[in-house]
Amino acid sequence: MVDPVRVAVLISGRGSNMRALSEYRRRDPDRAYRIVLVASNVPEARGLVLARRLGLKTWSLSHKGMERREFDMKVDAVLREHGVELIALAGYMRLLSPEFVKLWDGRILNIHPSLLPLHKGLDTHRRAILAGDENAGCSVHLVTDDLDSGPVLAQAQVRILPRDDADSLAERVLEAEHAIYPLALEEYARALREA
Ligand code: GRF
């Protein structure tokens, strides 16, 4: 791949999915994407420290005290400065403004810890257990204006065990997230380049 798609990963927390995306890319320089920026709305996010250790460029700005749209336009400006073509949300705990979603239409992926369309929003693992679901899992999807409702690109199932609580289930689902997110991003980036 001569010209990998330039990806920004947006995080708010520990950044384990960001790490999985970075490591997958690192294992083979011939990947269809490359991470050019890790950006966060939480300047003290642990994931930013991890990103810098991985040799990735980081940027952060607290959203506090700012209108949603105003903050998103600052993010948009930084992404454009870095020539970003595709955004991977990875534990980005911030709703995006409709203006931002429109500007990046078809260019924002997210990983969600449930088998969408089941259990949109937060607290997914507890809700899956309470609902008596046989399987939990995770989904990579395109971001649209409707929260966690864009087209699903990839999913993995994780069996819910009788002894599971939300934490033990979250741990196994996270492993599945790390496995599918890089593959889905790679496939999407390849399709973008070939379009
Ligand atoms: C993951 O479970 C992801 O699915 C959800 O937020 C969590 C982020 O974890 N959107 P990490 O920051 O990637 O470790």
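Numbers at a glance
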| read-out | value |
| --- | --- |
| Residue that is farthest from ALA20 (Cα to Cα) [pool: residues in region 173-195 that are open to solvent by 70 Å² or more (accessible area, probe 1.4 Å) and part of a helix (DSSP H, G or I)] | GLU194 |
| GLY91 outside any strand (DSSP E or B), in contact (Cβ under 8 Å) with a residue 40 or more places away in the chain and within 16 Å of the ligand (Cβ to nearest atom) | yes |
| Given (1) in contact with a strand residue (DSSP E or B) (Cβ under 8 Å, 6 or more places away or on another chain); (2) at pLDDT 95 or above; (3) among the acidic types (Asp, Glu), index of the condition GLU171 fails | (1) |
| Residues (more than 19 Å from LEU109 (Cβ to Cβ) and either aromatic (Phe, Trp, Tyr) or modelled with pLDDT of 95 or more (or both)) located in region 28-44 | VAL42, PRO43, GLU44 |
| Residue count for region 157-195, restricted to those that are closer than 20 Å to ASP133 by Cβ and of a type in the set (Asp, Glu) | 6 |
| Whichever residue in region 1-58 is β-branched (Val, Ile, Thr) and open to solvent by 10 Å² or more (accessible area, probe 1.4 Å) and, among such residues, is nearest to the ligand (Cβ to nearest atom) | VAL42 |
| Hits in region 95-114 - residues which are assigned to a loop (DSSP other than H, G, I, E, B), open to solvent by 30 Å² or more (accessible area, probe 1.4 Å) and more than 11 Å from the ligand (Cβ to nearest atom) | LEU95, LEU96, ASP105, ARG107 |
| Close pairs from region 120-133: first open to solvent by 60 Å² or more (accessible area, probe 1.4 Å), partner among the hydrophobic types (A, V, I, L, M, F, W, C), Cβ under 8 Å, at least 6 apart | LYS120/LEU147; ASP123/ALA166; ARG126/ALA166; ALA131/LEU118 |
| Matching option when the condition is closer than 26 Å to SER40 by Cα and without any contact (Cβ under 8 Å) to a residue 40 or more places away in the chain, among SER97, SER168 | SER97 |
| Flag if ASP72 is surrounded by 19 or more Cβ atoms within 10 Å (Cβ to Cβ) and of a type in the set (D, E, K, R) | yes |
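The values are calculated or read from the model by the stated rules, or taken from the named source; none is laboratory data. Predicted model only: the values in this text are computed from it and were never measured. All Cβ positions, glycine included, derive from the backbone under ideal geometry; neighbour counts span all protein chains shown. With ligands, DNA and RNA removed, areas are computed over all heavy atoms of the protein, side chains included. Shrake-Rupley method; radii C 1.70, N 1.55, O 1.52, S 1.80 Å.
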